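The values are calculated or read from the model by the stated rules, or taken from the named source; none is laboratory data. All figures in this text were calculated on a predicted structure; none of them were measured in a lab. Here the Cβ is made from the backbone with ideal geometry for all residues, glycine too, and neighbour counts use every protein chain on show.
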């Protein structure tokens with residue numbers, strides 16, 4: 001067990017549910033901050049890295065156990081770089097297109113992860129992989145068909161790339177030892193903060209108090225605390241339960257944005273997104289039924 005929690009403090013399902021709720025607020029807070037997207041990504045990751053590091057020191061018996069083995073693993077470095085790219089591209093995409101488009105396109109990640117597993121993990125392709133891929137491609141066609149007329153094609157393409165990078169991160173985390181995945185999250189946030197370092201301390205950006213509070217919330221709670229909740233909850237629920245609970249993220253993300261900012265998801269984004277969400281849930285239901293109850297691998301914060 002990665003963190004020293006007693007089982008009765010919080011059941012697994014509420015922990016995963018709260019985690020998904022926190023993840024779903026990312027699009028809203030990014031929209032509310034009028035700043036360079038690379039600055040937002042870097043500041044959020046700097047705070048998140050410090051939060052996760054503090055949590056490891058406080059709640060883990062051996063905070064840095066296994067770090068040498070992690071550093072020697074190529075998958076550790078690829079995972080960290082891929083998830084750094086995921087977080088940065090997610091923020092950039094939210095500045096260029098609708099939040100609904102971004103989160104729904106990124107939610108196609110489990111399907112790309114299944115395909116990458118065929119190449120990197122030498123897993124044999126299953127029927128549900130191909131069915132899900134066909135459905136996702138159909139959903140992408142619906143979304144991108146509307147992108148040409150709305151002028152948000154660049155943002156949608158970056159969002160799709162974010163999903164692919166998220167999938168690569170998921171596969172590489174599965175390739176690591178037990179201690180590796182937690183260190184990968186620290187590495188990815190450190191990389192993101194490092195490359196945004198000149199913007200963080202350039203003095204050219206002046207944030208209002210609400211904007212500063214939004215970045216602080218994203219770093220400590222929306223990324224940092226949510227990661228701890230997920231690590232805690234995923235040990236106590238089945239893969240199917242985690243998948244269904246995490247599915248509320250792409251549903252609620254555009255809802256928060258609409259309620260606060262009035263940004264309405266386009267009909268093509270809703271239609272295509274529903275197809276993608278169905279593809280992910282459908283394929284994972286078949287996989288879980290075929291392999292038995294396990295642990296969810298593709299979910300994660302944006």
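A few remarks follow.
- Residue 152, sole failed condition from (1) over 18 Å from the mean Cα position of the chain (by Cα); (2) closer than 21 Å to residue 282 by Cβ; (3) surrounded by fewer than 24 Cβ atoms within 10 Å (Cβ to Cβ): (2)
- Of 248, 276, all but one fail to be buried (at least 17 other Cβ atoms within 10 Å of the Cβ) and either modelled with pLDDT under 85 or closer than 24 Å to residue 102 by Cα (or both); the exception is 276.
- Any hit, the stretch 74-82, residues being at pLDDT 85 or above and outside any helix (DSSP H, G or I): no
- Filter result (without any contact (Cβ under 8 Å) to a residue 24 or more places away in the chain and exposed (fewer than 13 other Cβ atoms within 10 Å of the Cβ)) within the stretch 114-133: 119, 122, 124, 125
- All positions within the stretch 218-228 that are at pLDDT 85 or above and surrounded by 19 or more Cβ atoms within 10 Å (Cβ to Cβ): 218, 219, 222, 223, 224, 225, 226
- Checking each residue in the stretch 22-33 for being more than 14 Å from residue 254 (Cβ to Cβ) and in a helix (DSSP H, G or I) picks out 22, 32.
- Among the residues making up the stretch 256-273, those that are free of Cβ contacts under 8 Å to residues at least 60 places away in the same chain and either surrounded by 18 or more Cβ atoms within 10 Å (Cβ to Cβ) or part of a helix (DSSP H, G or I) (or both) are 258, 259.
- Flag for residue 90 being at pLDDT 90 or above and buried (at least 22 other Cβ atoms within 10 Å of the Cβ): yes
- Subset tally (residues that are assigned to a helix (DSSP H, G or I), modelled with pLDDT of 75 or more and either over 14 Å from the mean Cα position of the chain (by Cα) or surrounded by fewer than 23 Cβ atoms within 10 Å (Cβ to Cβ) (or both)) for the stretch 230-245: 3
- Residues of the stretch 187-217 classified as in contact with a helix residue (DSSP H, G or I) (Cβ under 6 Å, 6 or more places away or on another chain) and at pLDDT 75 or above, total: 10
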